[in-house]
Amino acid sequence: MTRDDMPLRVVWLECRYRPAVAELDKLCYANPLTLLELQTMLRRPHCTGAMVVVGDRLIGYNIFESHKDRYTILRFAVHPEFRRQAVGTRLFQYLAKQLSTRKSRIIVEVPETDLHSQLFFRALQFRAIHIERGGLGTEDVYIMQYRKTIALIVPQSAGELTPHQ
Ligand SMILES: CC(C)(COP(=O)(O)OP(=O)(O)OC[C@H]1O[C@@H](n2cnc3c(N)ncnc32)[C@H](O)[C@@H]1OP(=O)(O)O)[C@@H](O)C(=O)NCCC(=O)NCCS
């Protein structure tokens, strides 16, 4: 199945999918969350998530916190069988659509050794803005940021300037 005809849906994370998220987290992270940790995380104020499903099967998810001026991604993963088919991109676009003039940034912390994730977020126009030395014990962490671009609307008549009399 190609990336264009995969019948996937991106929707808000539903409670009944939490066990599936915990299972997928085990496949995708070296330090997976238990179901209890996941539920505790999602009970935090302003913490929510989105998921990608094909039929009833969960193939990707993210968990993020909403702050006054930004979203902070806490978890972001795609099932190994479905990688490099733009599933992660679709998940990101779902979050990016929530951005506004006031809440205009998305932040993610990526371990310095995790080149794959750095390249993924870079492909989505995230840029490293800070290095947190020893952010993960002995490992440094790159703080990467995506900023909503504000389109400049130029009136059509802008090119037709007439000199002041
Ligand atoms: C990172 C991750 C979410 C990417 O998901 P994905 O669905 O494969 O990403 P996409 O297919 O949308 O990739 C979009 C672009 O990002 C870049 N990219 C993605 N994965 C990449 C990789 N492993 N190596 C290099 N570039 C990569 C490519 O430019 C890609 O476009 P292309 O396939 O046309 O070349 C997935 O690999 C994953 O779940 N990893 C394990 C969990 C993890 O590390 N999460 C991030 C924690 S900070």
Checklist (1) under 22 Å from L136 (Cα atoms); (2) at pLDDT 95 or above; (3) small (G, A, S) applied to A30, failing item: (2)
E81 being in contact with an Asp or Glu (Cβ under 8 Å, 6 or more places away or on another chain) and not hydroxyl-bearing (S, T, Y): no
Of all residues in the stretch 58-87 being more than 15 Å from V21 (Cβ to Cβ) and near the ligand (Cβ under 6 Å from one of its atoms), the one that is surrounded by the fewest Cβ atoms within 10 Å (Cβ to Cβ): R84
Test: residue in the stretch 99-109 that is part of a helix (DSSP H, G or I), near the ligand (Cβ under 9 Å from one of its atoms) and more than 20 Å from W12 (Cα to Cα): no
Which listed residue, of L42, L95, L91, is part of a helix (DSSP H, G or I), surrounded by 16 or more Cβ atoms within 10 Å (Cβ to Cβ) and in contact (Cβ under 8 Å) with a residue 60 or more places away in the chain: L91
Hits in the stretch 122-146 - residues which are exposed (fewer than 12 other Cβ atoms within 10 Å of the Cβ), on the phi > 0 side of the Ramachandran plot and either within 11 Å of the ligand (Cβ to nearest atom) or not in a strand (DSSP E or B) (or both): G137
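The values are calculated or read from the model by the stated rules, or taken from the named source; none is laboratory data. In this text the structure is predicted, and so the values were computed from the model without any measurement. Every residue, glycine as well, gets a Cβ built from its backbone with ideal geometry; the counts of neighbours run over all protein chains shown.
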